[in-house]
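Trainee: Please see the structure below; I have some questions.
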Amino acid sequence: MSDVILLAHGSGGKLSHDLVKKTFLPSLANTMLNKLDDSAIFEASGRLAFTTDSYVVNPIFFPGGDIGRLAVCGTVNDLSMSGAKPLYLSLSLIVEEGFSLSELDHIVKSVKAAAAEAGVNIITGDTKVVNHGQADKLFINTSGIGIISPGVDISGANAKVGDKVILSGTIGDHGIAIMSQREGLKFSVPIESDCAPLNKLVSQILKASPRIHCFRDPTRGGLATTLNEFAAQSNVGIVVEEDKIPVKESVKAACELLGFDPVYVANEGKLVAIVEPNDADKVLAKMKQNSYGRNAALIGEVSDAHPGKVVMKTKLGPSRIVDMLSGELLPRIC
Amino acid sequence: MKFLDEYQNSELATKLAHRIANHSTKPIRLMEFCGGHTHAIMRHGIRQLVPATVEMRAGPGCPVCVTATTDLDKAIALAWLPNVTITTFGDMMRVPGSYSSLQRTKAEGADVRVVYSTIDAMEIARENPKKSVIFIGIGFETTAPTIAASIIKAQQGGIENFHVLSCLKLTPPVMKALLDSGEVKLDGIICPGHVSVIIGSRPYEFIPADYGVACVISGFEPIDILLCVGKLVEQIEAGQPKVEIAYRRGVKPQGNRKALELMGEVFQIDGANWRGIGIVPQSGLKINQKYEHFDAAKVFSGLLRCARNDKPVREPKGCRCGDILRGVATPFECHLFGKVCTPEKPVGPCMVSSEGACAAYYQYGSPESSGKI
């Protein structure tokens with residue numbers, strides 16, 4: 001067998017079957033996937049959540065994870081942020097001809113590990129191969145289905161004046177890990193992506209306080225964009241305090257060097273919760289018990305001043321607007 | 001954190017702010033030359049910490065913003081020449097030229113790539129010997145030495161397909177031009193920290209001597225800036241303007257000899273076209289004769305003339321970037337600001353660049369000022 005992906009691996013013929021049997025099934029096997037039918041068939045009742053996301057990260061391997069782990073965590077987290085318990089995922093790959101089979105194998109094993117950690121099954125999948133140059137190594141799409149417990153009502157439009165804003169940990173780790181890998185920047189303390197499935201953290205929070213108003217994972221666009229989304233959807237103001245927002249020293253230094261503001265840098269294993277004031281301490285304590293929430297912090301509150309806007313009290317005392325990220329993050333030039 | 005948190009200490013900031021308020025008796029106007037300062041001032045809310053007597057105006061120190069539309073049009077025309085790869089700092093991509101932007105040119109099929117350093121651009125040239133790789137060389141004295149170093153490195157490595165379109169500009173001559181124009185009355189200048197690391201403090205000495213305007217070189221952390229403002233207020237109140245360094249950890253009076261030598265080796269001083277200001281004599285750097293085979297303006301001059309087809313340069317209607325760069329207007333005084341012109345749909349370069357004044361005022365405006373948006 002060749003050690004690279006060929007167009008024939010995506011043809012649906014013999015090589016495709018080989019790929020499924022030798023690469024995908026050994027890692028991802030479960031009763032529904034093993035049937036290899038056109039669709040996965042399952043029973044479900046209650047309120048379901050359904051989401052999809054595509055992953056085109058470059059580089060595909062980065063400190064703290066790879067595109068496979070990211071593809072599982074991203075979709076698990078999207079379901080979790082709706083208050084859903086993730087059940088099943090699809091996994092669809094678009095592979096550039098010539099891609100290394102051993103790297104593919106590595107990525108499928110990451111998918112397996114992340115799915116196992118999150119307790120979800122991959123129940124359907126697909127692989128397409130495109131000509132060299134028509135995709136950049138590997139793109140992954142995952143879709144996911146989850147179930148929402150009765151009584152849980154989470155939406156970006158639910159923030160109420162007086163609510164507290166809680167962040168589950170340090171910001172900017174993923175974005176800086178990717179940037180430093182991409183640009184060959186080396187720091188004395190290596191910065192790792194925070195890529196992680198947050199469904200268990202979410203279910204622990206919901207056990208402590210089923211009345212959570214908003215959850216969101218501040219991925220692309222960072223914390224600033226998530227807070228602005230809440231402010232706009234709920235038509236409320238949000239005030240956060242700069243020195244309450246946890247940022248790793250190494251990330252802070254890298255941001256200074258690259259000219260970034262950490263509030264705009266991507267995360268893949270953090271969430272922002274907007275909770276009733278009386279529940280804030282309980283939620284914070286619960287978060288700190290989970291390894292993905294141990295640096296959680298109360299960073300601000302929802303206010304009736306300046307609806308639709310996010311304001312940050314800077315370390316020096318004055319306040320300023322925190323706008324959404326616009327355009328791409330690019331390092332400064334002088 | 002070492003060298004960061006110390007310079008963002010709120011107690012120290014409050015003390016410095018009180019000291020400024022105690023010293024300041026009359027209204028004064030300061031200009032922060034550098035866009036990096038404008039961003040730091042807005043991001044940390046420093047305008048709210050200094051007394052109302054101290055007005056702070058943004059200046060022309062944003063390399064992307066001061067790049068003349070005609071130079072941008074030239075870069076776009078170069079991108080369409082056969083076998084040409086344009087390499088540029090990311091901020092340039094979205095700046096609207098007369099008819100297009102580099103971003104749009106890339107989307108339409110030209111080979112335009114964002115790089116993070118000139119050396120990266122040179123590496124692209126090394127890896128693609130059949131292409132002419134042109135780096136759009138914007139910036140001030142800060143970026144000039146690295147561009148010079150990459151040209152020397154290309155010379156040593158025999159990388160003949162590497163070229164630079166030099167739009168490099170010099171700081172003290174444009175300060176002189178602004179002061180000569182008399183359009184905006186200034187009492188003091190917050191001099192750029194990074195530029196001064198290279199050129200030192202001596203090139204500013206004509207400013208207090210000839211114009212009676214105070215000059216203090218500042219770093220980019222909030223404590224640096226407050227210290228600088230304090231020194232400026234003291235100088236102005238005492239009526240004794242001079243050049244001071246409030247950024248001792250970075251700047252020496254004589255500058256950085258090695259960097260200045262590199263610049264001297266590759267460039268010669270020439271007039272430069274500044275957006276909003278026009279041609280300022282002795283304010284630009286062009287590649288000298290010894291290295292002219294790296295000079296994109298020279299190498300491609302014939303082809304460029306054909307490609308551009310003599311289309312006239314057009315400036316965006318209603319955009320006040322020029323006034324803002326000269327310190328004549330603040331972003332809030334532009335009718336397009338925040339309405340027609342936003343970071344998502346920028347009309348002028350000051351809203352595009354991460355160092356542009358409009359981008360800083362838009363992104364970090366105080367909750368009160370945002371009422372104007």
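Trainee: Residues of segment A:260-287 being outside any loop (DSSP other than H, G, I, E, B) and over 19 Å from the mean Cα position of the chain (by Cα), which ones?
Mentor: A:275, A:277, A:278, A:279, A:280, A:281, A:282, A:283, A:284, A:285, A:286
Trainee: Right, here's the next one. Does residue B:93 satisfy the criteria of being aliphatic (A, V, I, L, M), surrounded by fewer than 24 Cβ atoms within 10 Å (Cβ to Cβ), facing chain A (nearest Cβ under 9 Å) and touching a strand residue (DSSP E or B) at 6+ places or on another chain (Cβ under 9 Å)?
Mentor: yes
Trainee: Can you say whether residue B:133 is more than 24 Å from residue B:313 (Cβ to Cβ), more than 17 Å from the chain's Cα centre (by Cα) and at pLDDT 95 or above, as far as the supplied structure shows?
Mentor: yes
Residue-by-condition table, conditions (1) under 20 Å from the mean Cα position of the chain (by Cα); (2) surrounded by fewer than 24 Cβ atoms within 10 Å (Cβ to Cβ); (3) more than 14 Å from chain A (Cβ to nearest Cβ):
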{"position": "B:318", "(1), (2), (3)": "no, yes, yes"}
{"position": "B:325", "(1), (2), (3)": "yes, no, yes"}
{"position": "B:332", "(1), (2), (3)": "no, yes, no"}
{"position": "B:348", "(1), (2), (3)": "yes, no, yes"}
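Trainee: Given the conditions (1) within 18 Å of the chain's Cα centre (by Cα); (2) away from chain A (no Cβ under 14 Å); (3) assigned to a loop (DSSP other than H, G, I, E, B), and given that residue B:109 satisfies all but one, which numbered condition is not satisfied?
Mentor: Evaluating residue B:109 over (1) within 18 Å of the chain's Cα centre (by Cα); (2) away from chain A (no Cβ under 14 Å); (3) assigned to a loop (DSSP other than H, G, I, E, B) leaves (1) as the failure.
Trainee: Another question about this same structure. Being of a type in the set (Val, Ile, Thr), modelled with pLDDT of 95 or more and in contact with a Ser or Thr (Cβ under 7 Å, 6 or more places away or on another chain) is true for just one of A:76, A:120, A:95. Which residue is that?
Mentor: Among A:76, A:120, A:95, only A:95 is of a type in the set (Val, Ile, Thr), modelled with pLDDT of 95 or more and in contact with a Ser or Thr (Cβ under 7 Å, 6 or more places away or on another chain).
Trainee: When you scan segment A:202-216, do you find a residue that is more than 20 Å from residue A:293 (Cβ to Cβ) and either assigned by TED's automatic domain parsing to the domain that holds residue A:88 or under 22 Å from the mean Cα position of the chain (by Cα) (or both), even just one?
Mentor: Among the residues of segment A:202-216, not one is more than 20 Å from residue A:293 (Cβ to Cβ) and either assigned by TED's automatic domain parsing to the domain that holds residue A:88 or under 22 Å from the mean Cα position of the chain (by Cα) (or both), which makes the answer no.
To keep it simple, each residue is scored yes or no on (1) at the interface with another protein chain (Cβ under 10 Å from one of its Cβ atoms); (2) surrounded by 17 or more Cβ atoms within 10 Å (Cβ to Cβ).
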position	(1), (2)
A:222	no, yes
A:244	no, no
A:253	yes, yes
A:266	no, yes
A:281	no, no
A:304	no, no
A:310	yes, yes
A:316	yes, yes
A:320	yes, yes
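Trainee: Of all residues in segment B:353-373 being under 22 Å from residue B:68 (Cβ atoms) and modelled with pLDDT under 90, which is surrounded by the most Cβ atoms within 10 Å (Cβ to Cβ)?
Mentor: Ranking the qualifying residues of segment B:353-373, first place goes to B:353.
Trainee: Kindly check whether there is at least one residue in segment A:28-44 that is out of contact with any strand residue (DSSP E or B) (no Cβ under 7 Å at 6 or more places or on another chain) and within 26 Å of residue A:196 (Cα to Cα).
Mentor: There is at least one residue in segment A:28-44 that is out of contact with any strand residue (DSSP E or B) (no Cβ under 7 Å at 6 or more places or on another chain) and within 26 Å of residue A:196 (Cα to Cα).
Trainee: Identify, by number, the condition in (1) within 12 Å of another protein chain (Cβ to nearest Cβ); (2) within 30 Å of residue B:311 (Cα to Cα); (3) touching a residue at least 60 places away in the same chain (Cβ under 8 Å) that residue B:48 doesn't meet.
Mentor: (2)
Trainee: While we're here: Report every pair of residues separated by at least 6 positions or lying on different chains whose Cβ atoms are under 9 Å apart, first residue within segment B:340-359 and in the same structural domain as residue B:139 (by TED's automatic domain parsing), second surrounded by 24 or more Cβ atoms within 10 Å (Cβ to Cβ).
Mentor: Hits for this filter: zero, empty list.
Trainee: Turning to a different aspect of this structure: Would you mind stating whether residue B:14 is farther than 20 Å from residue B:334 by Cα, assigned to a strand (DSSP E or B) and within 13 Å of another protein chain (Cβ to nearest Cβ)?
Mentor: Answer is no for this residue.
Trainee: Also, I was wondering about something else. Residue check, residue B:32 against (1) more than 10 Å from every other protein chain (Cβ to nearest Cβ); (2) modelled with pLDDT under 95; (3) closer than 30 Å to residue B:101 by Cα, all met but one. Which one?
Mentor: Result: residue B:32 fails condition (2) only.
Trainee: Right, something else. Being touching a Phe, Trp or Tyr at 6+ places or on another chain (Cβ under 6 Å) and either in a loop (DSSP other than H, G, I, E, B) or within 14 Å of chain B (Cβ to nearest Cβ) (or both) is the filter here; which residues of segment A:138-177 pass it?
Mentor: Answer for segment A:138-177, where residues must be touching a Phe, Trp or Tyr at 6+ places or on another chain (Cβ under 6 Å) and either in a loop (DSSP other than H, G, I, E, B) or within 14 Å of chain B (Cβ to nearest Cβ) (or both): A:154, A:156, A:159.
Trainee: In segment B:20-45, what residues are without any contact (Cβ under 8 Å) to a residue 60 or more places away in the chain and of a type outside the set (S, T, N, Q)?
Mentor: B:21, B:27
Trainee: Further question on the same structure: For segment A:7-100, which helices (runs of 4 or more DSSP H) that fit wholly inside it have 3 or more residues that are buried (at least 18 other Cβ atoms within 10 Å of the Cβ)?
Mentor: In segment A:7-100, A:67-81 are the helices (runs of 4 or more DSSP H) which contain 3 or more residues that are buried (at least 18 other Cβ atoms within 10 Å of the Cβ).
Trainee: If you don't mind, there's one more thing I want to ask. Does segment B:71-79 include one or more residues that are of a type in the set (A, V, I, L, M), within 12 Å of chain A (Cβ to nearest Cβ), in a helix (DSSP H, G or I) and more than 15 Å from the chain's Cα centre (by Cα)?
Mentor: Within segment B:71-79, none of the residues are of a type in the set (A, V, I, L, M), within 12 Å of chain A (Cβ to nearest Cβ), in a helix (DSSP H, G or I) and more than 15 Å from the chain's Cα centre (by Cα).
Trainee: Still on this structure: Restricting to segment B:83-106, name every residue that is more than 21 Å from the chain's Cα centre (by Cα) and more than 17 Å from residue B:166 (Cβ to Cβ).
Mentor: B:83, B:85, B:99, B:100, B:104, B:105, B:106
Trainee: Between a residue in segment A:282-296 that is in the same structural domain as residue A:211 (by TED's automatic domain parsing) and any residue that is at pLDDT below 95 and part of a helix (DSSP H, G or I), which pairs come within a Cβ distance under 7 Å, given they are 6 or more apart or on different chains?
Mentor: So the pair list comes out as A:282/A:208; A:283/A:208; A:286/A:208.
Trainee: Do you know which of the residues in segment A:231-242 that are part of a strand (DSSP E or B) and within 12 Å of another protein chain (Cβ to nearest Cβ) is farthest from residue A:176 (Cα to Cα)?
Mentor: Looking at the filtered set, the residue picked out is A:237.
Trainee: May I pose another question? Regarding segment B:255-266, can at least one residue be identified that is assigned to a helix (DSSP H, G or I), crowded, with 20+ Cβ neighbours inside 10 Å, over 18 Å from the mean Cα position of the chain (by Cα) and of a type outside the set (S, T, N, Q)?
Mentor: Yes, segment B:255-266 contains a residue that is assigned to a helix (DSSP H, G or I), crowded, with 20+ Cβ neighbours inside 10 Å, over 18 Å from the mean Cα position of the chain (by Cα) and of a type outside the set (S, T, N, Q).
Trainee: With (1) within 14 Å of another protein chain (Cβ to nearest Cβ); (2) free of Cβ contacts under 8 Å to residues at least 40 places away in the same chain as the list, and residue B:82 as the residue in question, which single condition is left unmet?
Mentor: (1)
The values are calculated or read from the model by the stated rules, or taken from the named source; none is laboratory data. Keep in mind the model is a prediction, meaning the values are calculated, not measured. All Cβ positions, even for glycine, are placed from backbone atoms using ideal geometry, and neighbour counts span all protein chains on display.
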